[in-house]
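Engineer: I have a structure I would like to understand better, so I am pasting it below and will then ask my questions one at a time.
A short reminder: the numbers here are calculations on the coordinates, not readings from a lab. The model shown is predicted, which means the values in this text are computed figures rather than measured ones. Note that we place each Cβ from the backbone using ideal geometry, even for glycine, and neighbour counts take in every protein chain shown.
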Amino acid sequence: MPVITCIDDLKRIYKRRVPKMFYDYCESGSYTEQTFRENSTDFSKLRLRQRVAVDMTGRSTQTTMIGQKVAMPVALAPVGLTGMQSADGEIKAAKAALAFGVPFTLSTMSICSIEDIAQATNAPFWFQLYVMKDENFVDAAIERARKANCSALVLTLDLQIIGQRHKDLKNGLSAPPKLTLPNILNIATKPQWALGMLGTPRRSFGNIVGHAKGVANMASLMSWTNEQFDPKLDWTKIARIRDQWGGKLILKGILDEDDARRAADFGADAIIVSNHGGRQLDGAVSAITMLPRVVRAVGDRTEVYMDGGIRSGQDVLKALALGAKSTFIGRSYIYGLGAMGQEGVTRALEVIHKELDVSMALCGVQKATDLTRDHLLVPQDFEGNWA
Ligand SMILES: Cc1cc2nc3c(=O)[nH]c(=O)nc-3n(C[C@H](O)[C@H](O)[C@H](O)COP(=O)(O)O)c2cc1C
């Protein structure tokens, strides 16, 4: 068993063990990848204030998200195709999250279905919805999530049209991978991954095949997904979904103060400041840069979470200090999953938890909920001086 001390260790093993097509799918941003890169590098512009001679016993990273207790202010973000990173990947990630005490969010574009997760965990989880043109599909997905006891609906607003990721086109990304010569040669070097995949029946989009009208095989699935994201999604449609769901609603993909105010007026239970991990609007500012503006815009009218670029507990601490109530991680847990399955997700959570806990102590903070901007040194131009 390799010694894992940081998220980067998991990423290195992940790169060795998972087919290139799926590594590239995860490790890409759209177009020039500027936003993808800056999501991470902008965290390093912030500095932590080292404080001493403060009692550091009795620390706690616990908090709540939409009223639910969580072991630390980190949830697993919805990530499409997770079950291609490791066989039954969504089930493994959901189990790791449950054991750790943090929320797991299942993507609409997952390999394991809503029902698979409900059956495997027997506990509430969160479901992320993409709004599709096919209203019957959307309605049925909401009903399925309700039946599966999902305790929040995470509605993603920043992907009604897909930002191009060059590598996915060049690699001919698909689930399952097409058996072309380059793919076969590459998969031959990933025996553990291949064995896992041979051992599960779950190798395509579990929430779509058999649930969307006219989608029964790979060819129809591809054309369905490419055409289905609804470009007409607006606040009226969001209201329709809210009324139909009737439970906790989290709006994901807010990066602008005006949109944040609108979401708060609308009565969202929470918003996620996010640019989809730099996979959509390349050239947008990093999520951590926009966070303080959004927090000022909404005050305490809705809970503010953020994601994008978090690779350590120090990053989580910085986001909380800038006003986020909690955070989501995407790639950080996918690296763990691809590297070591369920145990790798657990390792990712442990690494981030320990880093957060130790960094809090060294900042003289006992409770994650006590973090404020006072614990940071923020460059004067951090939020940018945009005209
Ligand atoms: C490979 C990959 C697939 C993703 N798929 C989805 C998805 O299906 N639905 C969604 O709302 N967000 C999706 N996201 C965005 C994540 O939910 C999250 O916003 C992002 O990963 C955060 O950035 P980070 O990876 O730097 O932590 C995806 C991200 C990645 C990396």
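Engineer: Can you find, among Ser359, Tyr333, Thr5, the residue farthest towards the positive end of the dipole of the chain? Put +1 on the C-beta of Lys and Arg, -1 on that of Asp and Glu.
Structural biologist: Result: Thr5.
Engineer: Same structure again: Assigning unit charges at the beta carbon (Lys, Arg +1; Asp, Glu -1) and nothing else, what dipole magnitude in debye, to the nearest 20, does the chain show about its Cα centre?
Structural biologist: On the way: 47 positive and 41 negative charges, 165 e Å.
It comes to approximately 800 debye.
Engineer: Using a simple spin-label model with points 7 Å from Cα along the Cα→Cβ vector, what separation in nm is obtained for Thr236 and Thr180?
Structural biologist: Here the modelled spin labels are 4.3 nm apart.
Engineer: Follow-up question, since we're still on this one. Order these by the 10 Å Cβ neighbour count, fewest first: Lys248, Lys11.
Structural biologist: The fewest-first ordering by Cβ neighbours comes to Lys248, Lys11.
Engineer: Hydropathy at least 0.0 by Kyte-Doolittle, axial extent at least 27 angstrom from the Cα trace: which helices of the chain, defined as entire DSSP H runs, fit?
Structural biologist: Helix filter hits for the chain: 331-362.
Engineer: Right, another one. Could you put Ile352, Ile4 in order, starting from the residue whose Cβ has the fewest other Cβ atoms within 10 Å?
Structural biologist: Ile4, Ile352
Engineer: While we're here: Quickly rank 265-272, 249-256, 157-164 as a protection proxy: mean count of other C-beta atoms within 10 Å, highest first.
Structural biologist: The most tightly packed comes first, giving 249-256, 265-272, 157-164.
Engineer: Only Lys, Arg, Asp and Glu count, each charged at its Cβ (+1, +1, -1, -1), so figure out the dipole size of segment 138-246 about its Cα centre, rounded to 20 debye.
Structural biologist: Details: 15 positive and 8 negative charges, 60 e Å.
Dipole of segment 138-246, to the nearest 20 debye: 280 debye.
Engineer: For the chain, what is the relative contact order in percent, using Cα pairs closer than 8 Å and at least 6 residues apart in sequence?
Structural biologist: Taking the mean separation of contacting Cα pairs over the length of the chain, I get 29 percent.
Engineer: Okay, next question. Please name whichever of Pro176, Gln244, Leu195 sits farthest to the positive end of the charge dipole of segment 161-250, dipole taken about the Cα centre and charges placed at Cβ: Lys and Arg +1, Asp and Glu -1.
Structural biologist: So the residue furthest toward the plus end is Leu195.
Engineer: While we're looking at this one, here's another question. Specify whether the C-alpha gyration tensor of segment 18-59 places it in the rounded, prolate or oblate class, a ≥ b ≥ c being the square roots of the eigenvalues: rounded for a/c under 1.5, otherwise prolate if a/b is larger than b/c and oblate if not.
Structural biologist: oblate
Engineer: If you place +1 on the Cβ of every Lys and Arg, -1 on the Cβ of every Asp and Glu, and leave all else neutral, what size is the dipole of segment 189-334 about its Cα centre, to the nearest 20 Debye?
Structural biologist: So the magnitude is around 460 debye.
Engineer: Using the count of nearby Cβ atoms within 10 Å as a rough guide to exposure, how do Thr327, Thr302 rank from fewest to most?
Structural biologist: Lowest count first: Thr302, Thr327.
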